[in-house]
Amino acid sequence: MKRAGILNAALSGALARLGHTDEVLVCDAGMPLPPGVEVVDLAFLPGVPAFADVLDGLLAELVVEGAVAAEEVRAANPACHALLGERLPALAHVPHERLKELSRSARLVVRTGEARPYANVILRCGVAF
């Protein structure tokens, strides 16, 4: 049994297969899932698991060199906007419709149970060396 880190077997394996510049969409329960992209669906109940908890777990295991969120998060979900700004200082913003288009090129989608709007971000993997 793993001692620490992400215990979900499907998610842990999917993260291990990521490489430099691969993208991961971390999304709320309402985000449309792009067709043909591997999805690890963690949603259990509305709000469980929370977007913040899943994001923090992923950031503890991934090297992230860039990130993109919907500009609508600023007004519609200020708490999520603040969280993203704290965790991802080089965060870029695009219209939500553009974020949905960009999500089609993700290598992995991690769906949370988050029930607040625009709690979505695309993480671009970096490299540890």
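Quick note: the coordinates plus some simple rules give every number you see, no bench work behind them. All values derive from a computational prediction rather than experimental measurement.
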The chain: relative contact order from alpha carbon pairs under 8 Å, six or more residues apart, as a whole percent, is 49
Pick from Val63, Val73, Val54: which is most flexible by mean-square fluctuation in a GNM of the chain where alpha carbon atoms under 10 Å apart are linked? Val63
Name the most mobile residue of Glu97, Glu65, Glu38, meaning the one with the largest mean-square fluctuation, in a Gaussian network model of the chain with Cα contacts below 10 Å. Glu97
Check every DSSP H run in the chain and write down those whose alpha carbon atoms cover 15 angstrom or more along the long axis and whose mean Kyte-Doolittle hydropathy is 0.5 or greater. 51-61
Would you mind giving the average projected area, over all directions, of the Cα convex hull of the chain in nm² with one decimal? 7.7
